Amino acid sequence: MLRAENLSVQYRWRQEPVLRGVNAEFEGRCLLLGPNGSGKTTLFRVFSGLTPPKTGKALIDGEDVTKIFGRVGALATNLPEVYNLFFLNAYDHVVAYSDILGGDPDRAFEFMERLGLMRDYLRKRKPWELSGGQRKAFTTGLALSVRARNTLLDEPFEQLDPAKKAWLAEKLSSVEGTLVVNTHETWVLKPFRDWVTYLIFEGRAYGPVKAGDLLESRLVKGRVEDAVITFEASGKVFSLVRGEEGSPLTELVTLDRVYEAGMG
Amino acid sequence: MSRYAYYKLKDMITNVEALAWGIGFIEFWVIMWIFVFSPSSPQEAGWGEAVVKGNIAMAYSFLGILSMSSAAVGLTAGIYRSSFARRFITKFGRLGPASLIAEDFAGSIASIVLFAGVIFFSVEALSYARWGTLVVPENPVGVLADLVLAGIILYWIAYDIAMALIVARRVRGVSGGSMLSLIVGFIVYAQLWVSFGKAAYAVPLAPVPALLMYHSLGTYPPIGAYLLWLTGAGKVEAIDLRLAALSSILWVAALALIAVVLTRKGGAVSVEELGM
């Protein structure tokens, strides 16, 4: 179980905060939906112990992440920066990381092969020489092979073809423990309709709601009473409401388009 | 014990960039020292075998340390850039901060020995090619051990600089910060002309040239100003070799301890912060 308590993050003191007092609790299968630059990845970095919070706490199974050391299996992630230890080929990375993180290399290879990354190919490429989609498959395979109590997947569907997306969506539904998937794509609401979902805009988290409730709601400008969620983006207030008014969230395809909806 | 050390070793001996700094750059300095900075034949310059021996001893003592310092520059930058991964595996992997440091060191030591070997044998081989005289040091194992000791001290200096930059979140300081190892190397190099006196025992790496001189020539060297001593142009205070060795060992222990503390304290440097 992962809990964020009033989390704020600022990379440099002159810059705008990336996270602004985020409160959220992730248990079971969860979605974190937000446009690019909203703070999704930063929130994952805080839970991974990589970015220190300016204020607040990130708790993993009740323990402050800043105090955790040597806790094998407590958390796994597909953040690519985590897999940047050696100047070795991708195959050696799988074997090395499986050993260090307590993962199963065969499980990782099986997953990667299903997404088109064969072992021979991995022997010939460094991780940073893989294409965007291949690299995503590589890091996601490594993260899932750990079977951690908590798994964070950052945009796992990005740059995958539709058939692979569908296979991965099915695969993720069978992951045990807490799994948090972040994405800016709204199609995930359909296959994951029973997942707990938070929206994140400009460093502020909104929720939780069931993905199915978001699937059936429409985006309108302004504050509406009894809205499923009301959030702010670019200084404007939006509400997700039931009924016929506004556009279905899935019609936006990506949450980046909320900003376009706010124009005019 | 994980297999980190094994993969670190594999990384070090297959990493083209590390090899270029650790071997290519060393060879460049060795060639410059022997073929450009030294006279073409000992007889022409009025040199006897003893002088060639002194020249080789200086090559080990100062060129060796300078070359190791150059290799340490790449090490700092590498640690800095992999800070995310290092941070993550100490939290959620089988390696805590102390065991990561121990395994990283174990994996790196083999490459330090390799670099020391390259310096030793290339100085010997190229000196022979230049002057036709094979001058073996008085204690070759001692010379190799001293070169490895220099590499170990520089490894910890490079590690601590990277971690200190991360802890202080001086994320733009990596290019300047990584050069600190080289600056330390040049401070030690300055002892060819000047003597730090007893302060040399307090400067990391500074007493190592004396150890190298001793194992190369078999005579007690001074505490600094080695050219003055080798040419017999002046009198310089003799070094206490036991104190020199103790100082080096204490520096290794202190720097390793600092590395553990900084690894526990340090976060990681993200791509956004690096401004890449």
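We did not get these values from a lab; they are worked out from the coordinates using the rules stated. Quantities reported herein were computed from a predicted structural model and do not represent experimental measurements. Using ideal geometry, Cβ is built from the backbone for each residue, glycine included, and neighbour counts are taken over all protein chains shown.
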Practice prompt. For residue B:168 and residue B:242, calculate 0.36 nm times their separation in residues minus their Cα-Cα distance, and state this gained length in nm to one decimal.
Written response: 23.0 nm
Worksheet item: What per residue convex hull volume, in Å³, do the alpha-carbon atoms of the protein assembly as shown yield?
Response: 157 Å³
Worksheet, complete the sentence: Output field shielding_mean for A:91-102 (other chain Cβ, 10 Å radius) holds 5
Worksheet entry | Between 0 and 90°, nearest 10: helix B:49-58 axis offset from chain B longest Cα axis | 20 degrees
Worksheet entry | Cα-based helix-to-principal-axis angle, A:162-173 vs chain A, degrees rounded to 10 | 90 degrees
Discussion item. How far apart, in nanometres, would the label points at residue A:16 and residue A:106 be if each is projected 7 angstrom from Cα along the Cα-to-Cβ direction?
Written reply: 5.0 nm
Worksheet item: About the Cα centre of chain B, what is the dipole size in debye to 20, counting +1 per Lys and Arg Cβ and -1 per Asp and Glu Cβ, all else neutral?
Response: 1020 debye
Practice prompt. For the stretch A:82-145, report the translational diffusion coefficient in µm²/s to the nearest whole number, using Stokes-Einstein at 37 °C, 0.692 mPa s, and a Kirkwood Rh over Cα pairs.
Written response: 295 µm²/s
Worksheet item: Given only helices, namely DSSP H runs of n ≥ 4 each adding -39500 (n - 2.57), what is the per-residue ellipticity at 222 nm of chain A, to the nearest 500 deg cm²/dmol?
Response: -7500 deg cm²/dmol
Worksheet item: Picking from A:197, A:39, A:58, whose Cα lies most toward the positive end of the charge dipole for the protein assembly as shown (charges on Cβ: Lys, Arg +1; Asp, Glu -1)?
Response: A:58
Fill in: Amide proton proximity set for residue A:237, modelled H, under 5 Å, gap of 5+
A:222
Worksheet item: Relative to the longest principal Cα axis of chain A, at what angle does helix A:132-145 sit, 0 to 90 degrees, rounded to 10?
Response: 80 degrees
Practice prompt. Note the direction-averaged projected area, equal to a quarter of the hull surface, for the Cα convex hull of the stretch A:167-230, in nm².
Written response: 5.0 nm²
Worksheet item: Over the C-alpha atoms of chain A, what are the Rg and the largest Cα-to-Cα span, Dmax, in Å?
Response: 18.6, 57
Discussion item. At R0 = 56 Å, how high is the FRET efficiency between residue B:250 and residue A:173 if r is their beta carbon distance? Nearest 0.05 is fine.
Written reply: 0.45
Response to the item:
Candidates A:242, A:193, A:12; GNM for chain A (alpha-carbon contacts under 10 Å) flags as most fluctuating A:12
Worksheet entry | Filter on A:164/A:190; B:198/B:235; A:136/B:91; A:67/B:91; A:40/A:221 - keep pairs with C-alpha separation over 18 Å | A:136/B:91; A:40/A:221
Worksheet item: Each residue of the stretch A:28-43 in order: what ³J(HN,Hα) in whole Hz does its phi give by Karplus 6.51 cos²θ - 1.76 cosθ + 1.60, θ = phi - 60°, with x for Gly and Pro?
Response: x, 9, 9, 10, 10, 9, x, x, 4, x, 7, x, 4, 5, 4, 4
Item to complete: In whole Hz, with x marking every Gly and Pro, tabulate ³J(HN,Hα) for the stretch A:53-67 from phi via Karplus 6.51 cos²θ - 1.76 cosθ + 1.60, θ = phi - 60°.
Response: x, 6, 9, x, 9, 10, 10, 10, 6, x, 10, 5, 4, 5, 9
Worksheet entry | Residue-averaged [θ]222 nm for chain B, counting only DSSP H segments that reach four residues, each worth -39500 (n - 2.57) | -21000 deg cm²/dmol
Fill in: residue A:8 versus residue A:166: modelled label distance in nm, points set 7 Å from Cα along the beta carbon direction
4.7 nm
